[in-house]
Amino acid sequence: MPQITLKINGTDHTLDVHPDMPLLWALRDKLNLTGTKYSCGIGECGSCTVLVDGRPVKSCLRTAERMDGREITTIEGISPDASHPVQRAWHEEDVPQCGYCQGGQILAAVALLEENPTPDDAAIDEAMKDNLCRCGTYVRIRKAIKRAAEYAADDGGDV
Amino acid sequence: MDRRAFLKTSLLASGALLIGVGSCAREDGFEMAEETWVPNLYVRIDPDGKITIVSKNPDAGQGVKTAFPMVVAECLEVDWKDVHVEQAPADDRYGRQALGGSRGTPDGWDDLRVAGTGALYLLMGAAAQEWDVPAAECSAASGVITHDPSGRTRTYASLLVTAATLPAPEIADLKLKSRPADFKLLGTFVPGIDNREILSGQPIYASDIRLDGMLYAVYQKCPVFGGKAKSANLDDMLKLPGVTHAFIVPGTDDYNGLQPGIAIVAETFWEANNAREQLRVDWETTHEDSSEDYAKQAATLAGGPGETQRHDGDVDAAFAEAAKIVEASYHYPFVAHATMEPMNCTALLHESGKLELWSPSQNPQNQRKLVSETLGIPEDQIHVYQPRIGGAFGRRSRLDFTVEAAAIAVEVRKPVQLLWTREDDMAHDFYRPAAWHHFKAGLDDAGRMMAFDHHFITLGMNGETVSGANLSKNHYPAGMVSNFRLRQSIIETNVPTGPWRAPGHSAYCFAYQGFFDEVAVAAGRDPLEFRLDLLENASGKLQLDPERAAGTLRVAAEKAGWGRDMKENRGLGIAFHFDHRGHVAQVAEVTMDGTRYSLDKVYAAVDIGPILNMSGAKHQVEGAVIDALSTTRLETTIAGGAAQQVNFDQHPILRIDKAPDIECNFIQSDNSPTGLGEPPFPPVAPAIANAIFAASGTRIRELPFQRSGISL
């Protein structure tokens with residue numbers, strides 16, 4: 001089995017993986033990083049979203065081997081204490097219902113705001129439509145993204 | 001532990017205990033420090049003032065883990081910021097711990113208030129005793145008792161030792177808060193208690209459990225419901241990377257329980273699932289049920305009389321006299337739950353025989369019973385934990401996946417996590433059942449509905465309707481129309497069905513409220529006015545409260561500006577319903593563009609009595625609207641005895657770009673609060689269909705909408 005090194009949330013992890021094992025399962029079952037979720041395995045739902053070099057990537061569709069050497073951010077890594085402006089906004093708007101999809105939603109929102117600090121509704125819909133929410137928290141996701149944009153602006157523009 | 005420090009036990013009507021002896025001695029974190037005082041199972045107050053409230057029901061996003069402690073905190077007069085919540089495992093001392101039927105709030109309302117109020121009573125009594133004053137001269141706020149005449153204060157934490165010596169109050173002596181006007185915390189917008197963990201990806205779901213030496217399993221069942229494995233290439237499985245075990249589980253005939261299948265166990269989930277791709281099984285199947293065949297049977301049955309369930313007056317004579325007859329037929333297919341977190345269960349069987357289970361389950365007591373009866377393990381050896389559930393919607397009331405995991409653990413004698421793929425999940429759901437409705441209404445010359453005949457064609461097994469397929473003979477418009485008949489025919493099915501968010505109601509409200517609209521239009525009457533008239537002039541016995549139902553219609557209509565001029569391609573549609581004790585009306589506003597429509601806004605009016613958590617309540621309404629809109633585009637087709645749509649590419653859940661604006665209007669009152677998980681769902685689809693009719697003249701009588709050529 002190939003040995004690879006994944007740089008996750010700033011830390012290097014060296015592990016043996018089957019060449020076909022998706023990054024999602026390397027994270028969940030080899031590294032016990034269970035914040036990244038499984039829901040479909042075919043790239044339709046976005047629950048498995050991670051950031052690779054800052055861009056949202058569906059970790060069920062990429063093998064871990066292909067991610068060797070890349071900078072990966074998972075939901076566990078965007079702040080040490082849920083203090084990221086997006087997390088704060090998500091809490092203030094009380095976005096989650098069951099919460100299962102929210103890690104992926106937050107990472108997609110982080111990536112959006114990085115690229116577009118003041119997105120309008122159309123830009124939000126476009127960026128977030130890869131992330132399904134069965135409980136229907138979409139109305140709050142939109143509100144929270146706008147609130148996060150305000151927090152980020154107050155914090156000096158850093159998302 | 002000084003047992004004299006514990007309060008006397010009182011048993012409430014539901015079986016809940018005001019106090020618990022030994023409730024602090026359990027291993028799951030509820031430790032008894034010397035001066036920690038536990039007045040009851042719900043509340044623990046530590047000497048440092050920390051308030052811990054135990055949440056006994058599972059939370060799947062319906063918000064009880066936040067709302068129920070809010071009730072206790074309200075009655076205990078403490079600040080929410082000082083409250084910590086612990087999730088209880090399954091423990092019979094808590095009484096019913098299930099999620100379902102929107103029952104959590106109405107069932108828990110009394111017990112929760114008694115817990116908080118009783119604890120405060122004892123604290124008040126302790127302060128009064130220490131000051132040697134009457135308790136009536138004391139008041140409480142923010143965790144502090146004040147002697148009002150003198151201004152002296154004591155924190156709750158400083159009163160624990162004394163309070164523990166007082167006799168428990170009689171429940172009847174407790175004055176329980178009940179009116180929104182008296183609430184300080186209840187009714188406000190409170191973010192969820194688990195938010196921090198959810199937002200930072202902490203391992204709070206059952207599928208996140210990681211135990212030392214844990215293996216992972218997949219369980220392959222026959223795609224045809226009820227099929228049995230005759231043989232399989234198990235030896236090939238054992239050669240594949242990471243695989244440790246592969247075996248046939250004979251299972252039982254209980255399609256709600258352990259079904260036959262092949263277990264493949266490996267060091268990671270992916271390796272187990274990867275091996276499964278090369279699994280070859282010789283299945284023995286007993287049927288080839290199909291949606292197409294059911295439709296043919298339904299068409300044949302429609303020509304027959306069915307079995308009369310109820311007949312008021314004389315429907316046929318009334319039709320003969322009617323000024324106008326309106327007839328229409330409605331249909332909807334099966335649909336899967338597709339919770340975001342697929343089914344899973346982690347099982348740990350100890351050498352001692354103790355079995356621990358972690359799973360997203362709506363009914364831990366039923367789970368324990370099923371595992372016990374199937375595997376012969378005594379119930380008191382089975383410990384069921386209640387991690388956060390990644391969506392329930394009724395699916396997690398069926399505990400098949402938990403007994404599968406337990407059976408696998410018993411065989412491999414190691415901790416094992418069974419995880420279903422999305423395909424497993426959608427191929428082995430307990431679907432919302434399909435049905436056919438044939439309506440006939442008679443109008444008098446004033447345009448009033450004076451006769452109503454309904455032939456309901458539904459699914460059953462052995463002549464009895466299956467789960468979710470039952471229609472009460474007292475459902476409206478029974479009691480609203482003097483000549484009323486309900487007839488029923490049953491199509492035998494092998495498809496497993498189960499409760500799906502507002503079972504029965506979520507589907508047949510689409511039929512009823514669509515047909516009411518057709519009758520109103522045929523009578524030349526406004527759809528709102530038609531419904532109000534039905535409610536206000538009902539002379540028979542009704543399941544719903546006509547005043548409360550009418551109230552919701554009026555509020556929704558007013559907020560939507562019902563009756564305003566709408567541009568040619570725009571329309572409003574209205575519907576109401578009553579289920580699970582809640583009255584709800586919805587108005588939908590749509591814009592048509594050819595055969596495409598956009599749902600611009602939904603105005604909801606909800607009467608469930610007082611609101612506990614304003615955030616949670618809005619969540620349920622917003623979520624139900626989006627869920628219902630989503631479901632207008634979904635179906636599960638059965639062919640060759642198996643479900644055809646097995647992943648999200650064939651089951652397109654709504655995405656954010658189609659989410660409408662949603663306005664929630666809660667009609668609060670001094671009634672007791674009832675639940676909100678289900679009531680806001682049923683009226684949404686018919687409100688949308690009615691709006692589409694108003695905007696375009698196209699009448700939608702079938703789900704999914706695309707069967708009528710209409711798309712979102």
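What follows is calculated from the coordinates using simple rules that are stated; it is not laboratory data. Not measured: the values here are computed from a predicted model. When we count neighbours, we look across all protein chains shown, and the Cβ atoms used for this are built from the backbone with ideal geometry, even at glycine.
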Quiz prompt | Counting DSSP beta bridges with both ends in the protein assembly as shown, the antiparallel % (nearest 5) | solution = 75
Quiz item: If you project the alpha carbons of the stretch B:421-526 onto the principal axes, what extent comes out on each, in Å, largest first?
Solution: 57, 28, 17
Exercise. Check cross-link reach from A:Lys7 to the lysines: straight Cα distance under 16 Å, and skip same-chain residues fewer than eight apart.
Key: A:Lys30
Quiz item: Given the pairs B:Lys65/B:Lys354; B:Lys56/B:Lys618; A:Lys58/A:Lys143, which span a C-alpha to C-alpha distance of over 26 angstrom in this model?
Solution: B:Lys65/B:Lys354
Quiz prompt | Sparse-neighbour loop sites [trypsin sites (Lys or Arg not before Pro); the stretch B:409-455; at most 13 other C-beta within 10 Å; DSSP] | solution = B:Arg413
Quiz item: If you count the DSSP beta bridges with both ends in chain B, what percent of them are antiparallel, to the nearest 5?
Solution: 70
Practice problem: Name the residue farthest towards the positive end of the dipole of chain B from the options B:Thr591, B:Cys664, B:Ala136, assuming +1 on Cβ of Lys and Arg, -1 on Cβ of Asp and Glu, about the Cα centre. | Solution: B:Thr591
Quiz item: What are the extents of the Cα atoms of the protein assembly as shown along their three principal axes, listed from largest to smallest and rounded to whole Å?
Solution: 81, 80, 61
Exercise. Would you mind classifying chain B by shape? Square roots of the alpha carbon gyration tensor eigenvalues, ordered a ≥ b ≥ c; an a/c under 1.5 is rounded, otherwise it is prolate if a/b is larger than b/c and oblate if not.
Key: oblate
Quiz item: What size of dipole, in debye to the nearest 20, comes out for the stretch B:482-550 about its Cα centre when the only charges are +1 on Lys and Arg C-beta atoms and -1 on Asp and Glu C-beta atoms?
Solution: 280
Practice problem: Report the net charge of residues surrounding B:Asp661, where surrounding means a beta-carbon distance below 9 angstrom and charges are Lys +1, Arg +1, Asp -1, Glu -1. | Solution: -2
Exercise. Name the lysines eligible as straight-distance cross-link partners of B:Lys567: C-alpha to C-alpha under 18 Å, and not fewer than 8 places from it in the same chain.
Key: B:Lys601
Self-check item: Check: the protein assembly as shown dipole with +1 on Lys, Arg Cβ and -1 on Asp, Glu Cβ, in debye
Solution: 700
Quiz item: Which of the lysines could be linked to B:Lys230 by a straight reach, that is with a Cα gap under 18 Å, when you skip same-chain ones fewer than 8 residues away?
Solution: B:Lys221
Self-check item: Whole-Hz couplings from phi, Karplus 6.51/-1.76/1.60, listed for the stretch A:22-36; x for Gly and Pro
Solution: x, 3, 3, 7, 4, 5, 6, 9, 8, 10, 6, 9, 9, x, 7
Self-check item: Helix-only mean residue ellipticity at 222 nm for chain B, each DSSP H run of n ≥ 4 adding -39500 (n - 2.57), per residue, nearest 500
Solution: -8000 deg cm²/dmol
Exercise. Calculate the dipole size of the stretch A:85-154 relative to its Cα centre from +1 charges on Lys and Arg beta carbons and -1 charges on Asp and Glu beta carbons; express the result in debye to the nearest 20.
Key: 300
Quiz prompt | Average silhouette area of the stretch A:85-154, convex hull of alpha-carbon atoms, in square nanometres | solution = 3.9
Exercise. Would you give the gap between the C-alpha center of the stretch B:45-62 and the C-alpha center of the stretch A:101-159, rounded to a whole Å?
Key: 31
Quiz prompt | Space enclosed by the convex hull of the alpha-carbon atoms of the stretch A:3-77, per residue, Å³ | solution = 73
Quiz item: Which of the trypsin sites (Lys or Arg not before Pro) across the stretch B:253-361 are loop residues per DSSP, with 15 or fewer other Cβ within 10 Å?
Solution: B:Arg280, B:Lys354
Quiz item: Where does each of B:Phe401, B:Phe530 land when they are ranked from fewest to most other beta-carbon atoms within 10 angstrom?
Solution: B:Phe530, B:Phe401
Quiz item: Put +1 on the Cβ of every Lys and Arg and -1 on every Asp and Glu Cβ in chain B; which of B:Ser489, B:Ala406, B:Gly125 then has its Cα farthest towards the positive end of the dipole?
Solution: B:Ser489
Quiz item: Which whole DSSP H helices in chain B pass both tests: a Cα extent of 15 Å or more along the axis and a mean Kyte-Doolittle value no lower than 1.0?
Solution: B:64-76, B:400-412, B:684-696
Quiz prompt | 10 Å Cβ shell holding at most 14 others, DSSP loop, GluC sites (Glu not before Pro): longest site-free stretch of chain B | solution = B:352-567
Quiz prompt | Under Karplus coefficients 6.51, -1.76 and 1.60, residue-wise ³J(HN,Hα) of the stretch B:659-673 in Hz, glycine/proline x | solution = 6, x, 5, 9, 10, 9, 10, 9, 8, 7, 6, 8, 4, 5, x
Practice problem: Among A:Ser59, A:Cys45, A:Ile72, flag the residue with its Cα farthest along the positive direction of the charge dipole of the stretch A:3-77, charges on Cβ as +1 for Lys/Arg and -1 for Asp/Glu. | Solution: A:Cys45
